[in-house]
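Read through the structure below, which is laid out as structure tokens, and then see the notes.
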Amino acid sequence: MKKLLLSAVLVMSSAVSAFAEGPSNVVTVVTSPDPQTQLMSMVLTMQAAQQGASAHILLCGPAGDLALKDAPESATTGQPPRDMSPQGLMQMIQTNAGATVEVCAIYLPGRGEGPEVLLDGIGVANPGEMAARLMDPDARVLSF
């Protein structure tokens, strides 16, 4: 009986440990035009990165504006409670957590512009590579 109980405890502790570790990659897909939603997506991505996840941010549609050198005011205006902007926190995640930030492959052509309008270090996603990231069993996908 002792051996059975000990075996059960060991199996449970291994399962809890594996569950607690969670995915080691987080892919954050942001499409929302709402600055508060954009900021919260960055807050959660930063938290995941601080907890050990490798972060990848994909900006599509109106959220692609966060990647622009000449971003709209909604992307650069600080919000309560810490006066942080969506673009500012995104850049902090990129710099401090080593996150990769990309815009959707159709974002720039849809604007009639090239990659020179993007902030330094932000690229254009390759659809095949992005699909692989999204399908990776070791990834958690956050969509906003």
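The values are calculated or read from the model by the stated rules, or taken from the named source; none is laboratory data. These figures come from a predicted structure and were not determined experimentally. Every residue, glycine among them, receives a Cβ derived from its backbone with ideal geometry; neighbour counts consider all protein chains shown. When the accessible area is computed, the model is the full protein with side chains, heavy atoms only, and any ligands, DNA or RNA have been set aside. Shrake-Rupley method; radii C 1.70, N 1.55, O 1.52, S 1.80 Å.
With a 1.4 Å probe and all protein chains kept in place, how do Val26, Val141 rank by accessible area, largest first?
Putting Val26, Val141 in descending order of accessible area: Val141, Val26.
Can you pull the semi-axes for region 11-144, root of five times each eigenvalue of the Cα gyration tensor, sorted largest first, whole Å?
Rounded to whole Å, the semi-axes are 27, 18, 11.
Apply the Karplus parameterisation 6.51 cos²θ - 1.76 cosθ + 1.60, with θ equal to phi minus 60°, to every residue of region 107-116 and state each ³J(HN,Hα) to the nearest whole Hz, in sequence, with x for glycine and proline.
Going residue by residue, I get 5, 5, x, x, 8, x, 10, x, x, 5 Hz, with x marking Gly and Pro.
Cβ under 13 Å from Gly123's Cβ, Gly123 left aside: what net charge do those residues give with Lys, Arg +1 and Asp, Glu -1?
Taking every other residue near Gly123 into account, the sum is -4.
Just order 41-50, 73-82 by mean Cβ neighbour count inside 10 Å, highest at the front, would you?
41-50, 73-82
Enumerate the amide H contacts of Gln79 below 5 Å, restricted to partners 5 or more residues apart or on another chain; note that Pro and chain-start residues carry no placed amide H.
Met84, Ser85
Tally Lys/Arg at +1 and Asp/Glu at -1 over every other residue whose Cβ is under 14 Å from the Cβ of Val30; what's the total?
Value of the local net charge: -3.
Where both partners of a DSSP beta bridge lie in region 53-128, what percent of those bridges are antiparallel, to the nearest 5?
Bridges in region 53-128 that DSSP calls antiparallel: roughly 20 percent.
Tell me the carbon and sulfur percent of the accessible area for region 15-116, rounded to whole percent, probe radius 1.4 Å.
Percent of accessible area from carbon and sulfur atoms in region 15-116: 54.
Quick check: with the 1.4 Å probe, what order do Met90, Met84 take by accessible area, largest first?
Reading off the accessible areas and sorting them downward yields Met84, Met90.
How far is the Cα center of region 115-144 from the Cα center of region 88-113, in Å?
The two parts, judged by their Cα centres, are 9 Å apart.
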